[in-house]
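Inspection log for the structure reproduced underneath, given as structure tokens.
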Amino acid sequence: MAELLIGQTLAYAGDALLEGPDAARHSARGGVLIEGGRIAAVGEADDLRRAHPAARVTDYGDALISAGFIDAHVHYPQTAMIASWGKRLIDWLNSYTFPEEMKFSDKTYAADIAGRYLDLTLANGTTTVCTYATIHPESVDAFFEAAQARGLRAYAGKTCMDRNAPDGLRDTPQSAYDDSKRLLQKWHGVDRLSYVITPRFSPTSTPEQLMAMGALWRENPDCLMQTHLSEQTDEVEWVKSLFPQSRDYLDTYEVQGLLQEGALFGHAIYLTDREVARIRETGAALVHCPTSNTFIGSGLFPTMDMARKGIRVGLATDTGGGSSFSMLRTMAAAYEVGQLRGTPLHPSQLWWLATQGSARALRAEGRIGNLAAGMEADITVINLASTPAIAQRNARAKDIWESLFPTIMMGDDRAIKAVWVGGRPVSG
Ligand code: GUN
Ligand code: ZN
């Protein structure tokens, strides 16, 4: 049966980073018609009601109907150690991350955390994530099984590391290739799931392992490839000492065939002009992780600068380096980072980043991340007055952006009124 959701609606007809609020399409009384798991039409509520009298109507009143959020870079295995105190990236990885990731050789533990993680993200209005698993193949199976059971469009890959990681958390170039290939063949394209080739980052992969990942990608060019790039200055220096012949950090990936469209580089704060030019030329994407960058003390990513240069930028929590599961909190941090760089992002740009921006980074903009006919019906409904503090500010709002911004800055999972996945309600 067709479903008709009614409320305020927010969609995009263009790139809001470049066009600002003009790219947005807002209706104060809009409707979204869902048929067979997809959006069949978006328009004015009264028109859609008249045209589809048999559709089952869910009226969300003043709440805002949006595409679900897309979190383009996370580590689901870090769920239970989110908000671990202090230090710089490499200490943080050694002190908290690697000991936790060690536990994922146990499939039961991995399944428990995968389910917990996806329930948390859905409660925060996130309908697609792109995650790193651990080196253990079981951790990939556990995640995809949990995502499949929830009907999600989801992206994941086995994290590959063959050096500078503790015993029990290292693979080899050959085993990383074999395990990744097997997992790719098992999961890629099954239901709404996609495999992502995942070398963790150059410090934990030998050139031989990066080469093996490059070979696997050449054999499976429709997969995405995700890794980290230039997150902290001491990490960049470390890469220089590990790869003395490389032109720069990006080059360590580029020479192994790991730079092309479909590559996702997390963080990418400290790029040289050559790196920026090559990323633009190849159509690779950068993923901004603002709560992580402030939490681990990494630095301020230049979102507007990169967008104006024609580079795709997605937005992400980087759970558990990031300090929140919420893309609302992540948008707030992106705004604050923009302010510190002297380029404040408009609410339309923040919302676009968390939906279409991330979808474009994942090369999935034709499927998810917008309200438009033909898109998959992954939808989040936002209560724009979810706490007394937000409600009293919202009451003064003169337009949709003044109405939305208090929720971006102060909202959390209490603002998520309902979530629909593949045309089915998850909650609300
Ligand atoms: N660089 C390599 N691995 C990681 C990770 O797990 N988190 C963050 N923030 N950066 C990384
Ligand atoms: Zn990361």
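Output the residue which, of all residues in segment 64-76 that are under 20 Å from LEU229 (Cα atoms) and not aliphatic (A, V, I, L, M), is nearest to ligand 1 (Cβ to nearest atom). Even if it seems obvious, please write down each step before you answer.
If we filter segment 64-76 for residues that are under 20 Å from LEU229 (Cα atoms), which is where we start, we get 71-76.
Checking which are not aliphatic (A, V, I, L, M) leaves us with 71, 73, 75-76.
Working: ASP71: 14, HIS73: 9, HIS75: 5, TYR76: 11 Å.
Residue satisfying both the conditions and the ranking: HIS75.
What number of residues within segment 162-190 are more than 25 Å from the chain's Cα centre (by Cα), assigned to a helix (DSSP H, G or I) and surrounded by fewer than 18 Cβ atoms within 10 Å (Cβ to Cβ)?
3
Identify the residue in segment 213-272 that is acidic (Asp, Glu) and assigned to a loop (DSSP other than H, G, I, E, B) and, among all such residues, is farthest from PRO290 (Cα to Cα). Lay out the reasoning, then the answer.
Here is the first cut: in segment 213-272, the residues acidic (Asp, Glu) are 219, 222, 231, 234-235, 237, 248, 251, 254, 261.
Okay, now just the ones that are also assigned to a loop (DSSP other than H, G, I, E, B), so 222, 231, 248, 261.
Details: ASP222: 28, GLU231: 11, ASP248: 23, GLU261: 23 Å.
Applying the filter and picking the extreme gives ASP222.
Would you say GLY314 is in contact (Cβ under 8 Å) with a residue 24 or more places away in the chain and within 18 Å of the chain's Cα centre (by Cα)?
On the way: in contact (Cβ under 8 Å) with a residue 24 or more places away in the chain: yes; within 18 Å of the chain's Cα centre (by Cα): yes.
Answer is yes for this residue.
Suppose the filter is among the charged types (D, E, K, R), farther than 30 Å from TYR195 by Cα and at pLDDT 95 or above; does ARG38 pass it?
Numbers: among the charged types (D, E, K, R): yes; farther than 30 Å from TYR195 by Cα: no; at pLDDT 95 or above: yes.
It is false that ARG38 is among the charged types (D, E, K, R), farther than 30 Å from TYR195 by Cα and at pLDDT 95 or above.
If I filter segment 121-129 for residues that are within 15 Å of ligand 1 (Cβ to nearest atom), polar (S, T, N, Q) and either part of a helix (DSSP H, G or I) or more than 28 Å from ASN370 (Cβ to Cβ) (or both), do I get at least one hit?
To start, the set of residues in segment 121-129 that are within 15 Å of ligand 1 (Cβ to nearest atom) comprises 129.
Okay, now just the ones that are also polar (S, T, N, Q), so none.
There is no residue in segment 121-129 that is within 15 Å of ligand 1 (Cβ to nearest atom), polar (S, T, N, Q) and either part of a helix (DSSP H, G or I) or more than 28 Å from ASN370 (Cβ to Cβ) (or both).
What is the one condition in (1) buried (at least 22 other Cβ atoms within 10 Å of the Cβ); (2) within 15 Å of ligand 1 (Cβ to nearest atom) that TRP238 does not satisfy?
Result: TRP238 passes all but (1).
Is it the case that some residue within segment 100-120 is within 16 Å of ligand 2 (Cβ to nearest atom), more than 21 Å from ARG182 (Cα to Cα), at pLDDT below 95 and among the charged types (D, E, K, R)?
No, because not a single residue in segment 100-120 is within 16 Å of ligand 2 (Cβ to nearest atom), more than 21 Å from ARG182 (Cα to Cα), at pLDDT below 95 and among the charged types (D, E, K, R).
Of all residues in segment 64-90, which are within 15 Å of the chain's Cα centre (by Cα) and of a type in the set (A, V, I, L, M, F, W, C)?
ALA67, PHE69, ILE70, ALA72, VAL74
Looking at THR387, THR319, which one is modelled with pLDDT of 95 or more and either buried (at least 23 other Cβ atoms within 10 Å of the Cβ) or closer than 30 Å to TRP92 by Cα (or both)?
Working: THR387 fails: either buried (at least 23 other Cβ atoms within 10 Å of the Cβ) or closer than 30 Å to TRP92 by Cα (or both).
Result of the check over THR387, THR319: THR319.
Can we say THR380 is crowded, with 22+ Cβ neighbours inside 10 Å, of a type in the set (Val, Ile, Thr), under 17 Å from GLU19 (Cα atoms) and out of contact with any Pro (no Cβ under 8 Å at 6 or more places or on another chain)?
no
With of a type in the set (Lys, Arg), within 14 Å of ligand 1 (Cβ to nearest atom) and surrounded by fewer than 24 Cβ atoms within 10 Å (Cβ to Cβ) as the only criterion, which of LYS103, LYS87, LYS107 stands out? If you could, list the steps in order and put the result at the bottom.
Numbers: LYS103 fails: within 14 Å of ligand 1 (Cβ to nearest atom); LYS107 fails: within 14 Å of ligand 1 (Cβ to nearest atom).
Exactly one of LYS103, LYS87, LYS107 is of a type in the set (Lys, Arg), within 14 Å of ligand 1 (Cβ to nearest atom) and surrounded by fewer than 24 Cβ atoms within 10 Å (Cβ to Cβ), namely LYS87.
Considering only residues that are within 22 Å of the chain's Cα centre (by Cα) and of a type in the set (A, V, I, L, M), look in segment 12-35 and name the one that is surrounded by the fewest Cβ atoms within 10 Å (Cβ to Cβ).
The residue in question is ALA13.
Tell me the residue from GLY314, GLY357 that is touching a helix residue (DSSP H, G or I) at 6+ places or on another chain (Cβ under 8 Å), crowded, with 24+ Cβ neighbours inside 10 Å and in a strand (DSSP E or B), please. Can you show your working first?
Details: GLY357 fails: in a strand (DSSP E or B).
Being touching a helix residue (DSSP H, G or I) at 6+ places or on another chain (Cβ under 8 Å), crowded, with 24+ Cβ neighbours inside 10 Å and in a strand (DSSP E or B) holds for just one of GLY314, GLY357, which is GLY314.
Search segment 243-263 for residues being touching a helix residue (DSSP H, G or I) at 6+ places or on another chain (Cβ under 6 Å) and among the hydrophobic types (A, V, I, L, M, F, W, C), and hand back the single one that is nearest to THR204 (Cα to Cα).
PHE243
The values are calculated or read from the model by the stated rules, or taken from the named source; none is laboratory data. It should be emphasised that the depicted structure is a prediction, and the values quoted were computed from it without experimental measurement. Note: ideal-geometry Cβ built from the backbone for every residue, glycine included; neighbour counts use all protein chains shown.
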